[in-house]
Structure formats: C-alpha cells, structure tokens
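This report concerns only the one structure given below.
The values are calculated or read from the model by the stated rules, or taken from the named source; none is laboratory data. Model, not experiment: these values are computed from the prediction. In case anyone asks, the SASA skips ligands and DNA or RNA and just uses the protein heavy atoms, side chains included. Shrake-Rupley method; radii C 1.70, N 1.55, O 1.52, S 1.80 Å.
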Amino acid sequence: MAKTALVAGASGIVGAATAALLVERGWTVHGLARHPAPQPGVQPVAADLQDADTTAAALRDVHPDAVFITTWARQDSEAENIRVNGAMVRNLLDALPRPTAPRHVALVTGLKHYLGPFEAYGKGTLPQTPFREEQGRLDVENFYYAQEDELFAAAARDGFTWSVHRPHTVIGLAVGNAMNMGTTLAVYATLCRETGRAFTFPGSAAQWSGLTDMTDAGQLARHLLWATETDAAHDQAFNVVNGDVFRWQWMWERIASWFGVAAAPFDGVMRPLEQQMADDAALWREIATREGLAEPDLSRLASPWHTDADLGRPIEVVTDMSKSRRLGFPDYQPTDDAFFALFDRLRAARLIP
C-alpha cells in the first residue's frame, strides 16, 4: 500500500529534493508552500504556516504517514525568528488530523544548533569539532531549539515518532531561496566571467585553509527517508553531510575551472560577496535578457549574505556522522560532484548561461 507524505516547504532546496525522492519511491506526496510550484507527481497544498486558521483549513483532509518540515522564515532578529518559526511548526502539527496509525515527523534544522544563530554566529564558546549530536544546546536563544521544542511537545501529545536532521550548508536547486550557496557561487562566477573580474574567495583564512564539509539536497532527502523508515532512527537527532571533507582552497579552484574563470590568489583579506555583488543587479538583468535566461532578478538567485556568513566563519567546521553510519545509513556524495551536478541543472533550466 502506498504511503502518504506531507512536505512542508516543497518549493525550497530541501523540500523539492525530498518530494522528488518520495515520488520516485512510490509515495503519495502533498507539497505545502505559500505559492506551490508545479512539481511532477506532487499534489500542491497552498498555505501560509504563519496563519494557523488557513493552515488548518488546507490540511483538514490530509492524513500523512510521514511529515517532512523543511521550511523556515527569516526575520530581522533571533527573537522574531523564534516567535515566527516556532509558531510555524506548532501551526503545522496542530493543523493535521490526529494520527490513527503510526506517523513520523522529520524536522530539518542545521549546524546553527552548534554554531549559534546569525546574530551570534561562530562567536563565544563553541563545542569542539567535529560536531557530534550528543553536544548539548548552546546557552543562547536559537530558533532551532524553539522548533525542536514544538516538535517534542506535539509528539508527546499525539504519539508520533520524530527525527531532527542537522545538515551543513545545502547544495541544491531552488529559486527564491534565502540560503543558496551553490547558485550564489554560480551566479558570481558567471558575473566574473562576464566582466573579467577575478573569482575572489570572500571568506576567512580559517575557512580557506581549514577542513569543512557540505550537504547535497539529494543526500539529505535520502537521509530523511531513511530515518522515517528505520525504527532505530526514531526519536533521534542526526547530523547529515555528504561524507567527504575538503578545503576551500581546493574547492575554489575546482569551481573556477568549471566556469572557465581565474581564481584570485587568497591574500587573507575578507572580501564579502555582499559587497562584491552589490552593484550587479542591472548587469545580471542584461545577461539574462541577452542569453534568454529564466530569472533576470539577481536577488531571487543569489543570497550573498548567507554565503558570506558560512565562508566568513572564524573556525574550522567539520561534522561527525558516525551516529547515522552505526545505524546503517550508507549513502555518500562527493561535494565537488554535487556542485557540478547543480551547475549542470542550472544551465539546463536556463538559470545561468
């Protein structure tokens, strides 16, 4: 018998990859978004999770075996992030009909669980790396903790199982996403090629020379489904990354080579993309018009503020995934291949020339 899933945030990087995997595996999939985009095999559900009443109305007749929460809404302060994003999880889980059969709810958060929110990102006393799941919460306000608390409360009330998934920076295809390093770097490299500017690493010396890892959206989707279908993974929190480690001084050259641009030598000076790309909106629109691209609005493709936050961290960030491996999760995704596959998809979708 086919199982039914609800993917909240189905139009985002993680949600779209998760919905596509579930369809491929034979699930009936409902994709919730404020403005659902057409997705093969996905039944759209239009709802704003910040509105409890409309969310309840939209989900009245949806009875999922599994729920995947892959969405959040960025606010101007962490206090507002907590208020809004905690309420979104609460509204979603309150809106669903109470389960009459086993149900699993998977929540996607991230490494800000260990690094702290953007207001205090990578500052203060941080856990030792590699980050491991048994490391406790930081003594700072964090909307991830608020989301988890809403999940735990609803699970205790309704009797479903849960899992929390903490990816590193996610590589995947989406338009209009608030945190999209892969597409940001693709757009930046395209602008460098157009203008003859050097492809200049924007971040810190710690990120340039230290080890790091990332998470492909397809890898994360497989991890979400694995935890849903694996009893031993229920009621657990997991890190999830590709399985390789790299240094940006190697990856930066790899990405530059793919786009046929020159990578500038790194001199230890941070040159944020938000500054480098500040005046590029008009140029991108010209390129999009000339090349017949699908999205002329630079702000819907690139999120330089987020890429700067990740690449500007003052510490090495490596993620331990032993917990998943011990429980049998087998998948692996080389990160350079994940970038190259994304760039191919962006080109095929006429999002970059």
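Descriptive notes on the structure:
- The spacing between segment 316-353 and segment 3-69, judged by their C-alpha centroids, is 23 Å.
- Per residue accessible area of segment 4-167, 1.4 Å probe, in Å²: 43 Å²
- In degrees, nearest ten, helix 248-259 long axis to first principal axis of the chain (Cα): 80 degrees
- Note on segment 126-184 and segment 203-232: Cα centroid distance 12 Å, given to the nearest whole angstrom.
- For segment 78-92, 3J(HN,Hα) per residue [Karplus equation, 6.51 cos²θ - 1.76 cosθ + 1.60, θ = phi - 60°, Hz, x = Gly/Pro]: 5, 4, 6, 4, 5, 4, 6, 6, x, 5, 4, 5, 4, 4, 5
- Nearest-ten-degree value, helix 13-24 long axis tilted from longest Cα axis of the chain: 60 degrees
- On the chain, 49 percent of the accessible area sits on carbon and sulfur atoms, based on a 1.4 Å probe.
- Just checking the listed ones, Ala87, Ala294, Ala189: in the Gaussian network model of the chain with Cα springs under 10 Å, the one fluctuating most is Ala294.
- Mean separation of Cα contacts under 8 Å, 6 or more apart, over the residue count of segment 4-167: relative contact order %: 21 percent
- Near the amide H of Thr4, within less than 5 Å, lie the amide hydrogens of Thr28, Asp65, Ala66, all on another chain or at least 5 residues away, with H placed in the peptide plane.
- Antiparallel content of DSSP bridges confined to the chain, in %, to 5: 5 percent
- Rounded, prolate or oblate (a/c below 1.5 giving rounded, otherwise prolate when a/b exceeds b/c) for segment 28-94 by Cα gyration tensor: prolate
- Gaussian network model of the chain, springs between alpha carbon atoms under 10 Å - residue of Gly312, Gly159, Gly196 with greatest fluctuation: Gly196
- Highest-fluctuation residue, Met277, Met179, Met214 considered, GNM on the chain with Cα pairs under 10 Å: Met277
- The chain: angle of helix 281-291 to the longest principal axis, Cα-based, in degrees nearest 10: 90 degrees
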